[in-house]
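The values are calculated or read from the model by the stated rules, or taken from the named source; none is laboratory data. These figures come from a predicted structure and were not determined experimentally. Cβ atoms come from the backbone with ideal geometry, glycine included; neighbour counts cover every protein chain shown.
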Amino acid sequence: MTGHVPSATAGTEDVVAVVVLLTEFAMLRAPLLRSQVRLYALQSLAVSVLAVVVAATRHEADVYALAGLSFALKVVIVPSVMTRLLRDVEVDLAGSAKLGVASSTLVALGVSVFGFFAIGSLHVHSSLLPSTTLAVASAVVLVAFVLIVLRSDVVSQAMGFFSLENGVSIASLVVAAGLPLVVETTFLFDLLVAVVAFGIIMRVHHGRSKTLSTDELDRLRG
Amino acid sequence: MGAVLVVLVVLPFLVGALSYAVPVAASKVLAPVSGAAAFALSIALVPSVVSRGHVTAGSELRVDALSVVFLLATSFLYFATAVFSAGYLHLGRDAAGTRYGRRFYAGLNVFCWAMLAAPLVSDLALLWVAIEVTTVVSALLVAIDGTQSATEAAWKYILIASMGLGIALLATILLYYAGTSVFGAGYELSYVKMLAGAHRFPAPVMRLTFVLAVLGYGTKMGLVPVHTWLPDAHSEAPSPISALLSGALLATSFYAILRYFQVTAAATGSTFPRNVLLVFGLASLALAALYLLRQRDMKRMLAYSSVEHMGILAIGMSFGVTLAFVGVLLHVLAHAAAKGTAFFGAGSVVAKFGTKDMAALRGGVGALPWSGSMLVAAVLALSALPPFGLFRSEFLIVSGGLSDPRYGVAAVLVGLAMVSFLGLSWSTTQTMLTAGPADPEAAAVGVAAGRVATGGSRAVTKGEVSPWIVVAMALGIAALLLLGVHVPADLSRLLDHAAHELGSRR
């Protein structure tokens, strides 16, 4: 624990968080599923960088280990699992989005502004923790929701969920860097298990309906 | 007693791992034994928790009266479901049957392990992890049949529940954020510690935390408007999994909400969290009651009944008096027994008639004299008819509401519960108790004992699907009667302790 965090490092954290938010917007408009997976890898890389920054500035040695784990899992394993799935199913274009690129970007802008100011309006000024990064993180989470809602194929929706998790990771890095390493590692392990389960269900879906689109998944209602 | 916690958190997982390796015939025995052991160990915890307040093992495992209530509900259903599965699964001796059986039993045990681990851990971050594991495992179990609709249900379930849990994780982190103002930047997120420091947490952060926690864990609990995965997953999963989802998983998520309720009530006073739960509870109860009136699919009907009961739990918490809290916790136990039994019965009926459409299930009691009648009994129990446990618990909740006093809410609760009662009991008795149209003599005299009814054009022979199904359902009915007629003294003390842990205004 270092007590007061100098404003310069808080600035670095904010910059990285904004990079994550920007990649989230890029994912929202990426038409190719492969490019969406690449953008996710890039976003995860930014999150791992943030972990290194946090570890260096707050002298939390644990967090270096976390950065390594998060790099291995989110930059290497998850994208390669998804790429292999895409190669096997030979589908490349994302399913039609429910809104055009411009409209969905506007919606995403709206919700991210909302998220940013909603956290800002809490008026919690802690000397230990940067509220701005938390606000950006909540904007990432909300844009991920927009992505999941507006895309109608299983890969985009899964990538949306994984990037939602990236948004929560930023929040947890800046707010809860002091969480015990065992807990943080369990979070990551959990994500790994979730990725496997998502992958299995996606394959089953593709095996049955020969498509990645969710348009077929509308039989259960009432 | 600490060793009991360790065994509870290790045994089901080991059995799950073992089930993947040993022949399915061995798993059929292992799972009920493990379930019975878990239930016995949970019962063994009751006296020491009542006398000493809590039991701990190491720094991460801790149970108090509240946790033990949920352990009892989950372990009972683990046991009953394992017994039911032995009769329900008709696995061929070929490779496909073996593969299915191994996956099923490994999943069943690991699913129960995660649900048992949730109330055992004291760290709220680990609680989140346990609940996320339940999502992943149960989504795979929902998809296990591999049909188009099972895949659809599993996809909706894993996506919506994971998004909900993403919000719950945000709530966990915000709670940590609130705690840093008291404990500094590095500490463990145990609920004991949070409760001790909560009065100094910033109130706006705690309010946001609670809303996010209810929204996040409420997604898994099936609160309206984030319940949308629930009817699909419950109806498309194999019946043993439906029973666990409805009776134990929803309760486990409710447990998480109760922990946030405790901390938030300590930080901001209980009015705010009670009002949040009131809104979600009323919405759930109202929507579920309306859907119950027009539901024609047996398992979807039971799923909406779960939404209804989760709404009743949330409303019960909103009354904020000890009487209502005791009712809520008793309701958790009774709902587990009733919904488990009902889904077992639905599984039996579906296996017999080959459909879930209630119009085709005419003459169910005639064809299945034991499981059919116990299914009707379980549905009547779910409608809160005496002498079953849910009557007692809903009575306590409503009395709590009248003493709060929130006459309006209590009246709405009773009114909507009546509507659900109508929907549930009308459609069930209409189909199960009437004779099949192809048998005019039976139709004329009603269902006489021993007469075989037929469903639609399909001839159905009389006789149970399996004795194990009857045994599992009898376990549930016995528990419901016990909770309704005479609550054991130790259990009654446990519920009182747990209700006091939830706090109250008087």
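Residues considered: B:Ala21, B:Ala44, B:Ala57, B:Ala40. Of these, the only one that is in contact with a helix residue (DSSP H, G or I) (Cβ under 9 Å, 6 or more places away or on another chain), of a type in the set (A, V, I, L, M, F, W, C), under 30 Å from B:Gly97 (Cα atoms) and not assigned by TED's automatic domain parsing to the domain that holds B:Ala472 is B:Ala21.
On the given criteria, is B:Gly2 touching a residue at least 24 places away in the same chain (Cβ under 8 Å) and surrounded by fewer than 19 Cβ atoms within 10 Å (Cβ to Cβ)? Yes: the conditions hold for B:Gly2.
Quick grid of which residues meet (1) part of a helix (DSSP H, G or I); (2) touching a residue at least 40 places away in the same chain (Cβ under 8 Å):
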position	(1), (2)
A:Asn166	yes, yes
A:Leu179	no, no
A:Val182	yes, no
A:Thr185	yes, yes
A:Leu188	yes, yes
A:Ala194	yes, no
A:Met202	yes, yes
A:Glu216	no, no
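Scan the stretch B:369-397 for residues that are within 18 Å of the chain's Cα centre (by Cα), of a type in the set (Phe, Trp, Tyr) and surrounded by fewer than 24 Cβ atoms within 10 Å (Cβ to Cβ) and the total you get is 1.
Restricting attention to the stretch B:142-194, the residues that are of a type outside the set (Phe, Trp, Tyr), without any contact (Cβ under 8 Å) to a residue 40 or more places away in the chain and closer than 24 Å to B:Gly16 by Cα total 5. Within the stretch B:173-180, not a single residue is within 23 Å of A:Leu147 (Cβ to Cβ), buried (at least 24 other Cβ atoms within 10 Å of the Cβ), of a type outside the set (A, V, I, L, M) and within 9 Å of chain A (Cβ to nearest Cβ). Only one entry in A:Thr23, A:Thr12 is assigned to a helix (DSSP H, G or I) and modelled with pLDDT under 85, namely A:Thr12.
Yes/no matrix, rows are residues, columns are (1) at positive phi; (2) out of contact with any Lys or Arg (no Cβ under 8 Å at 6 or more places or on another chain); (3) at pLDDT 90 or above; (4) of a type in the set (Asp, Glu):
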residue	(1), (2), (3), (4)
A:Ser103	no, yes, no, no
A:Ala118	no, yes, no, no
A:Thr132	no, yes, no, no
A:Phe145	no, yes, yes, no
A:Ser152	no, no, no, no
A:Ile170	no, yes, no, no
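Quick grid of which residues meet (1) touching a residue at least 12 places away in the same chain (Cβ under 8 Å); (2) facing chain A (nearest Cβ under 10 Å); (3) in contact with a Leu (Cβ under 9 Å, 6 or more places away or on another chain):
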site: B:Arg99; (1), (2), (3): no, no, no
site: B:Arg102; (1), (2), (3): yes, no, no
site: B:Tyr105; (1), (2), (3): yes, no, yes
site: B:Cys112; (1), (2), (3): yes, no, yes
site: B:Ser122; (1), (2), (3): yes, no, yes
site: B:Val129; (1), (2), (3): no, yes, no
site: B:Val133; (1), (2), (3): yes, yes, no
site: B:Leu140; (1), (2), (3): yes, yes, no
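Scanning the stretch B:156-166 for residues that are more than 7 Å from every other protein chain (Cβ to nearest Cβ) and under 14 Å from B:Leu127 (Cα atoms) turns up just one, B:Leu165. Any residue in the stretch A:163-185 that is more than 7 Å from every other protein chain (Cβ to nearest Cβ) and farther than 26 Å from A:Thr57 by Cβ? There is no residue in the stretch A:163-185 that is more than 7 Å from every other protein chain (Cβ to nearest Cβ) and farther than 26 Å from A:Thr57 by Cβ. Of everything in the stretch A:186-204 that is surrounded by fewer than 20 Cβ atoms within 10 Å (Cβ to Cβ) and more than 7 Å from every other protein chain (Cβ to nearest Cβ), the residue that is farthest from the chain's Cα centre (by Cα) is A:Arg203. Can B:Val63 be described as surrounded by fewer than 24 Cβ atoms within 10 Å (Cβ to Cβ) and either in contact with a strand residue (DSSP E or B) (Cβ under 6 Å, 6 or more places away or on another chain) or not in a helix (DSSP H, G or I) (or both)? Against the criterion (surrounded by fewer than 24 Cβ atoms within 10 Å (Cβ to Cβ) and either in contact with a strand residue (DSSP E or B) (Cβ under 6 Å, 6 or more places away or on another chain) or not in a helix (DSSP H, G or I) (or both)), B:Val63 does not qualify. Scanning the stretch B:91-98 finds no residues that are surrounded by fewer than 24 Cβ atoms within 10 Å (Cβ to Cβ) and either in the same structural domain as B:Val129 (by TED's automatic domain parsing) or closer than 17 Å to B:Leu8 by Cα (or both).
Taking each residue of the stretch B:44-57 that is under 15 Å from B:His500 (Cβ atoms) and looking for partners that are of a type in the set (Asp, Glu) and not in a helix (DSSP H, G or I) with beta-carbon atoms closer than 6 Å, six or more apart or interchain, yields B:His54/B:Asp64.
So for the stretch B:252-264 (the condition being assigned to a helix (DSSP H, G or I) and either surrounded by fewer than 21 Cβ atoms within 10 Å (Cβ to Cβ) or in the same structural domain as B:Gly340 (by TED's automatic domain parsing) (or both)), does at least one residue qualify? Yes; the residues of the stretch B:252-264 include at least one that is assigned to a helix (DSSP H, G or I) and either surrounded by fewer than 21 Cβ atoms within 10 Å (Cβ to Cβ) or in the same structural domain as B:Gly340 (by TED's automatic domain parsing) (or both).
Per-residue answers, yes or no, for (1) buried (at least 24 other Cβ atoms within 10 Å of the Cβ); (2) touching a Pro at 6+ places or on another chain (Cβ under 9 Å); (3) among the aliphatic types (A, V, I, L, M):
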position: B:Arg296; (1), (2), (3): no, no, no
position: B:Ala334; (1), (2), (3): yes, no, yes
position: B:Lys339; (1), (2), (3): yes, no, no
position: B:Ala346; (1), (2), (3): yes, no, yes
position: B:Ala367; (1), (2), (3): yes, no, yes
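For the stretch B:193-237, filtered to residues that are of a type in the set (D, E, K, R) and surrounded by 24 or more Cβ atoms within 10 Å (Cβ to Cβ), the residue that is nearest to B:Ile173 (Cα to Cα) is B:Lys220. B:Trp113 is checked against (1) modelled with pLDDT under 90; (2) under 27 Å from B:Leu5 (Cβ atoms); (3) not basic (Lys, Arg) and fails just one. What number does that condition carry? Here B:Trp113 meets the rest and fails (1).
Only helices (runs of 4 or more DSSP H) whose full extent lies in the stretch B:120-239 are considered here, and the ones with at least 1 residues that are among the basic types (Lys, Arg) and over 17 Å from the mean Cα position of the chain (by Cα) are B:148-183, B:191-197, B:203-221.
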